[in-house]
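Each remark here refers to the structure printed beneath this line.
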6 protein chains.
Amino acid sequence: MKRIAVYPGSFDPVTYGHVDIVRRATALFDHVIIAVTTNQGKPSTFPIDERLTMLRQALRGLPRVTVEAFEGLLVHYLQARKARIVIRGLRAISDFEYEFQMALMNRHMAPQVETVFLMPDERYTYLSSSLVKEIARLGGVVAAFVPRSVSPYLTRLKNP
Amino acid sequence: MKRIAVYPGSFDPVTYGHVDIVRRATALFDHVIIAVTTNQGKPSTFPIDERLTMLRQALRGLPRVTVEAFEGLLVHYLQARKARIVIRGLRAISDFEYEFQMALMNRHMAPQVETVFLMPDERYTYLSSSLVKEIARLGGVVAAFVPRSVSPYLTRLKNP
Amino acid sequence: MKRIAVYPGSFDPVTYGHVDIVRRATALFDHVIIAVTTNQGKPSTFPIDERLTMLRQALRGLPRVTVEAFEGLLVHYLQARKARIVIRGLRAISDFEYEFQMALMNRHMAPQVETVFLMPDERYTYLSSSLVKEIARLGGVVAAFVPRSVSPYLTRLKNP
Amino acid sequence: MKRIAVYPGSFDPVTYGHVDIVRRATALFDHVIIAVTTNQGKPSTFPIDERLTMLRQALRGLPRVTVEAFEGLLVHYLQARKARIVIRGLRAISDFEYEFQMALMNRHMAPQVETVFLMPDERYTYLSSSLVKEIARLGGVVAAFVPRSVSPYLTRLKNP
Amino acid sequence: MKRIAVYPGSFDPVTYGHVDIVRRATALFDHVIIAVTTNQGKPSTFPIDERLTMLRQALRGLPRVTVEAFEGLLVHYLQARKARIVIRGLRAISDFEYEFQMALMNRHMAPQVETVFLMPDERYTYLSSSLVKEIARLGGVVAAFVPRSVSPYLTRLKNP
Amino acid sequence: MKRIAVYPGSFDPVTYGHVDIVRRATALFDHVIIAVTTNQGKPSTFPIDERLTMLRQALRGLPRVTVEAFEGLLVHYLQARKARIVIRGLRAISDFEYEFQMALMNRHMAPQVETVFLMPDERYTYLSSSLVKEIARLGGVVAAFVPRSVSPYLTRLKNP
């Protein structure tokens with residue numbers, strides 16, 4: 001039986017921290033699906049097609065990885081993909097509490113689903129999509145934080 | 001002297017976690033007032049009259065419990081109700097810090113007021129009004145998380 | 001029905017932080033029993049009779065307060081005293097986790113028991129029996145941290 | 001070489017907690033610049049000129065202190081001011097994580113910059129600009145939380 | 001390639017919380033080795049052979065699970081077993097920090113090793129071997145916390 | 001007026017994390033004294049003279065740094081050295097709470113003393129003297145964690 005893991009998130013945009021987690025997940029499971037949320041109501045900085053494009057470019061070359069958009073409840077999506085494993089990165093305490101709340105809620109709705117927490121490289125502890133966008137808006141250089149293909153998208157955010 | 005405890009919150013909407021805390025509070029104090037905030041500026045998902053209705057239906061049968069709307073500063077409301085006890089549920093570390101900040105601030109403004117922290121059943125650790133609303137919006141089943149009378153209100157939130 | 005609250009601990013020795021919590025508890029409940037643990041295996045700095053003496057002197061004048069030694073499991077002791085309320089002070093995050101673990105365990109063994117968490121005055125956030133003993137051992141002045149009757153006991157700890 | 005420290009923030013408005021940190025910083029470094037962010041996109045309650053005025057009045061009499069507005073990236077501003085020290089107050093765990101993330105990010109962009117964390121007086125642990133504004137909006141008295149010159153500005157926030 | 005995961009610990013003694021984590025791990029990986037530390041210097045309550053016996057009885061019937069003693073550094077043991085996955089349960093914030101420190105250290109010594117964090121059932125959040133032993137020493141009933149075969153061992157701990 | 005900072009600790013033994021903090025402190029203050037505790041009652045792995053030797057070798061070449069043993073209360077030692085600044089490294093939440101408690105206690109005993117918290121390089125987040133000793137005892141290589149002169153001392157700890 002192939003073990004399929006789903007790594008859900010908004011990836012708005014993908015950072016080196018996300019790429020690091022995907023790489024670790026591919027070493028653990030047979031297939032990794034990056035599931036990008038497209039829920040209405042939660043506005044994103046980049047539209048879904050740009051987020052998918054940035055992810056696909058950033059993960060090019062990684063084997064057994066798929067990038068997909070998804071809408072609705074994560075547990076429904078997992079069922080549709082016959083996946084039972086959710087991947088989440090844990091950087092800090094604040095992550096921890098929110099992630100545990102989500103994982104417990106998902107477990108309640110779908111007991112067969114297991115959430116697996118991975119720890120990114122410590123160099124990426126301080127990285128978050130929102131922090132990177134903030135730096136780009138203020139005119140900072142973001143090349144060290146995001147894959148090369150993402151930088152041009154961030155440059156567009158710069159305040160005039 | 002009757003000991004009156006006030007359990008303040010937005011209850012937007014009430015969950016089983018809130019009901020659990022109310023039940024515990026009634027075993028400790030003579031009267032428990034559920035004080036629902038109606039402050040302008042903080043928009044709520046459900047209007048105040050719906051939140052009051054949901055709470056009253058959820059707490060029906062619990063003795064020595066009153067449900068009320070209140071506006072303005074909690075310490076002023078406590079004075080008006082001759083209450084000196086505030087009830088708060090503590091689920092997680094993030095609750096802890098915010099709750100302590102609020103409790104210290106209230107103690108500063110009204111030293112005779114004591115905030116009493118109760119721990120909900122561990123089954124409700126992961127429950128929050130906003131998480132339940134998110135699930136309802138995405139089409140999930142919320143019957144396990146909220147009193148029966150609340151479900152129809154949540155169903156209305158579902159994204160088309 | 002009288003509401004009896006038990007405040008358990010080793011009180012080795014009592015500090016102003018403990019006294020503050022007792023005072024707050026007496027305003028909330030009809031009777032407060034300070035239950036001092038005498039378990040073998042956990043060595044204490046001060047013998048049980050000295051700890052009881054220090055507590056009784058420190059709490060003299062506080063109404064409806066009893067100081068007692070107890071041995072064995074807290075939930076058994078509560079049953080013997082017909083008490084259903086446990087008082088605990090919460091100062092910091094590290095307290096929080098340990099206290100919640102204990103409270104959940106006690107609730108598991110005796111579901112009718114409720115643990116009530118109180119917040120000490122912020123002046124006592126940094127106070128702990130072990131820190132006070134450390135200062136006394138190193139020759140520091142502890143008068144600001146413990147009731148007057150406790151100081152002579154601490155002075156004996158001073159390193160030669 | 002003069003040691004210049006920069007204390008950045010939105011100061012919307014300044015509280016006694018901020019004043020306490022500035023005072024501590026002046027005892028450690030030769031010059032302290034209060035750098036008030038004016039970034040577009042992050043709306044503030046008070047306009048930049050009012051925030052500067054409130055700060056200057058609150059810090060009047062403190063030696064070797066300058067109050068300035070700044071726009072853009074903090075590390076760029078530090079370069080322009082030839083400053084290598086950033087001052088931040090740490091009150092709580094939630095501060096801790098965010099502040100560390102920011103400090104690591106800044107260190108990444110400008111390795112010569114050192115962030116120095118100071119602990120405010122424990123009386124100000126519960127103070128935050130947003131909490132003070134919330135109290136003012138609800139009609140509470142804020143004289144104990146903010147310098148005298150700030151109170152009139154807060155009074156204007158009161159809900160009608 | 002078979003994916004072998006190692007779940008290291010002292011298991012002094014095994015609790016239902018450990019069994020829950022093992023069960024979750026077997027659903028994720030091809031083989032799970034429970035590696036029981038026998039390091040000198042860290043005294044255990046139960047000798048290594050008793051700890052192994054209790055674990056083997058508790059995990060009987062679980063497929064693809066091995067119970068072994070190990071001595072020395074975990075990363076050396078992993079190499080010897082050709083395993084690249086370490087399993088750890090995360091219950092609370094305090095776990096989180098210690099576990100991350102250990103995982104980062106192990107990653108530093110053996111970069112190919114990945115630590116995977118799993119969340120136990122919320123019913124076991126409050127469970128720890130040391131808490132269970134404390135209850136047994138004080139005469140409490142531990143049947144709800146440990147597998148049936150472990151209870152007799154704990155009963156021997158009871159204080160006379 | 002020269003600004004003298006004291007960095008107290010047991011340094012049992014010094015790690016690269018400590019060296020990193022000393023280096024940062026020397027950039028901030030005029031003189032940094034490494035104050036090594038020699039308190040009886042707290043047994044150390046390495047005797048005080050070995051800890052001093054290891055520190056002096058590790059910090060050789062760093063300007064304006066002194067290494068000293070001290071006994072008794074830190075605030076007394078600061079007075080004797082006419083120092084008003086205490087340096088502490090903050091790695092994690094658990095550090096945070098203990099460090100704040102100590103800093104508040106010291107401030108209470110000596111209000112003129114300021115504790116300054118610095119953040120080590122993120123590569124050293126996982127480093128602690130006790131973890132390094134544990135690895136050495138189990139036969140691991142510690143060259144990446146401690147200054148070169150410290151390695152031989154650690155090698156002696158290896159379990160036979």
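Per-structure values
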quantity	calculated
Label spacing, shortest first and in nm, from C:Lys158 to its equivalents in the remaining copies (7 angstrom along Cα→Cβ)	4.8, 4.8, 5.6, 6.7, 7.6
Chain B: Lys pairs at Cα distance under 27 angstrom, eight or more positions apart or on different chains	5
Antiparallel DSSP beta bridges within region F:4-155, as percent of all bridges there, nearest 5	0 percent
Relative frequency of Cα-Cα separations exceeding 27 Å in chain D, percent	21 percent
Hydrodynamic radius by Kirkwood, which averages 1/r over all alpha carbon pairs of region A:97-160, in angstrom	14.3 Å
For the pair F and E, total buried accessible area rounded to nearest 100 Å², probe 1.4 Å	1300 Å²
Per-residue mean of C-beta atoms belonging to partner chains within 10 Å, peptide E:128-135	2
Loop-resident sites, region F:43-118, for trypsin sites (Lys or Arg not before Pro), counting at most 11 other Cβ within 10 Å (DSSP)	F:Arg60, F:Lys82
222 nm mean residue ellipticity, helices alone, for chain B (DSSP H n ≥ 4; -39,500 (n - 2.57); rounded to 500)	-11500 deg cm²/dmol
Fraction of beta bridges assigned by DSSP in the protein assembly as shown that are antiparallel (%, nearest 5)	5 percent
Neighbourhood net charge (15 Å Cβ-Cβ; Lys/Arg +1, Asp/Glu -1) for A:Arg107	+1
Exercise: per-residue mean of other protein chain Cβ atoms within 10 Å, A:20-28	2
Three-way shape call for region B:14-86 based on the alpha-carbon gyration tensor, with the a/c threshold at 1.5	oblate
Residue mean of other protein chain beta carbons inside 10 Å, A:116-127	6
B:Asp30-B:Ala80 FRET efficiency (beta carbon distance; Förster radius 22 Å; 0.05 resolution)	0.80
Other-chain or far-sequence residues with amide H under 5 Å of F:Tyr7's (modelled H)	F:Ile33, F:Ile34, F:Ala35, F:Ile87
Phi-based couplings in Hz for region F:125-130 (Karplus 6.51, -1.76, 1.60; Gly and Pro marked x)	4, 8, 8, 8, 4, 6
Cβ-placed point charges (K, R +1; D, E -1), dipole of the protein assembly as shown about Cα centre in debye, nearest 20	0 debye
Per-pair calculated FRET efficiency, R0 = 60 Å: A:Asp49 and C:Gln57 via Cβ, rounded to 0.05	0.20
Accessible surface of region E:1-67 [probe 1.4 Å, protein heavy atoms]: carbon and sulfur percent	51 percent
Inter-copy label distances at F:Arg23 (7 Å, Cα→Cβ; nm, one decimal)	2.4, 3.7, 5.0, 5.0, 5.8
Leading residue at positive end of dipole, chain C (Cβ point charges), from C:Gln79, C:Tyr124, C:Asn159	C:Gln79
Label spacing, shortest first and in nm, from D:Arg123 to its equivalents in the remaining copies (7 angstrom along Cα→Cβ)	1.1, 4.5, 4.8, 4.8, 5.2
Chain C - charge dipole about Cα centre, Lys and Arg +1 at Cβ, Asp and Glu -1, debye rounded to 20	380 debye
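The values are calculated or read from the model by the stated rules, or taken from the named source; none is laboratory data. The shown structure was predicted, so the numbers you read here are calculated from the model rather than taken from an experiment. Glycine gets a Cβ as well: all are built from the backbone with ideal geometry, and neighbour counts include every protein chain shown. Just the protein is used for accessible areas: all its heavy atoms, side chains included, with ligands, DNA and RNA removed. Shrake-Rupley method; radii C 1.70, N 1.55, O 1.52, S 1.80 Å.
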